[in-house]
Amino acid sequence: MVEVIEPTWVQIPAGQFVMGCVEDDKFANMHELPRLTVDVPSFALSMHPVFDPATMLPMVNISWHDAVEYCATLGNGCRLPTEVEWEYACRAGTTTPFPSGDLPDPSSVNFLYDELGNRVGPGKLLPVGWGEPNAFSLHDMLGNVCEWVQDSWRNHYAAKVAHESLKVIRGGAWDYLPRLLRPSWRDCAPAMTRRDNLGFRVARDL
């Protein structure tokens, strides 16, 4: 782990949204169902994924346990965002498969290939803040690095059993196809997993 620094905080407004895949999303899967209408209280979220101040690159090779420990070191009630908070903040009021519409926008999402296999991205991790922010002023919610969130994995939103050893991953990374760079996309990994395209960001209650 690198130096612990205070995040640049963004206040996410309270609101209501439909969590899960949007209607007519050809990339949707069972893990993104059923669609749920959710009320979200206001909270604070870091503007960027946690990054190394020496390079400005997102911190990677971070396990879920490492991320939780980093949040605790910051104090002041800092924590990982919940799945609900993460998706709400990522959507930022949008209701399409991607925030920009039917396809991701390369000006704000770092990804390598389009669905036809054409190269559209730089093919590497980029410094935080490299692209355009979303409507909530958040950077890199999609692409660049995947992000750990607080929740344990459930196979779908109606599942009654959570797999405590598996933690949820959101957002997709620079080397992912566009279909995995949607706000509703979700995956999981064992909590001790470390990957060179997996990081996190920080949340706290207001």
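Tabulated data
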{"item": "Coordinate range along principal axes, alpha carbons of the range 26-111, Å, largest first", "result": "39, 30, 24"}
{"item": "About the Cα centre, charge dipole magnitude for the range 80-180 (Lys/Arg +1, Asp/Glu -1 at Cβ), debye", "result": "200"}
{"item": "The chain: calculated mean residue ellipticity at 222 nm from DSSP helix runs of at least 4, using -39500 (n - 2.57)", "result": "-3000 deg cm²/dmol"}
{"item": "Neighbourhood net charge (9 Å Cβ-Cβ; Lys/Arg +1, Asp/Glu -1) for His48", "result": "0"}
{"item": "For Thr193, distant residues with modelled amide H under 5 Å away", "result": "Trp64"}
{"item": "Calculated from backbone phi, Karplus (6.51, -1.76, 1.60) coupling profile of the range 87-103 in Hz, x at Gly/Pro", "result": "5, 4, 5, 5, 5, 6, x, 7, 10, 9, x, 10, x, 8, x, 8, 9"}
{"item": "Accessible area per residue in Å² at 1.4 Å probe, computed on the chain", "result": "45"}
{"item": "Descending Cα extents along the principal axes, the range 65-139, whole Å", "result": "43, 29, 20"}
{"item": "Per-residue SASA entry for His31, accessible area with 1.4 Å probe, Å² rounded to 10", "result": "60"}
{"item": "Spatial separation of Cα centroids for the range 152-172 and the range 63-119, in angstrom", "result": "16"}
{"item": "Separation of alpha-carbon centers, the range 177-203 and the range 129-143, rounded to whole Å", "result": "16"}
{"item": "Computed Kirkwood radius, in angstrom, where 1/r is averaged over Cα pairs of the range 1-157", "result": "16.8"}
{"item": "Share of pairwise Cα separations in the range 82-206, more than 25 Å, in percent", "result": "21"}
{"item": "The chain, accessible surface, carbon-and-sulfur percent (1.4 angstrom probe)", "result": "53"}
{"item": "The range 89-117 residues near the modelled Glu23 label - backbone nitrogen below 14 Å, point 7 Å along Cα→Cβ", "result": "95-97"}
{"item": "Positive-end extreme of charge dipole, the chain - chosen from Val202, Val109, Ala159 (charges on Cβ)", "result": "Ala159"}
{"item": "Size-normalised alpha-carbon gyration radius of the range 154-206, reference 2.2 N^0.38 Å", "result": "1.28"}
{"item": "For Asp151, distant residues with modelled amide H under 5 Å away", "result": "Glu83, Val168"}
{"item": "Ala158 paired with Glu115, simple spin-label distance in nm, labels 7 Å along Cα-to-beta-carbon", "result": "2.6"}
{"item": "Dipole of the chain [Lys/Arg +1, Asp/Glu -1 at C-beta], most positive-end residue of Pro7, Ile62, His31", "result": "His31"}
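The values are calculated or read from the model by the stated rules, or taken from the named source; none is laboratory data. Fair warning: this is a prediction, and the values are worked out from it, not measured in the lab. Note that each Cβ is placed from the backbone with ideal geometry, even for glycine, and that neighbours are counted across all protein chains shown. These area figures cover heavy atoms from the full protein model, side chains too; ligands, DNA and RNA do not enter into them. Shrake-Rupley method; radii C 1.70, N 1.55, O 1.52, S 1.80 Å.
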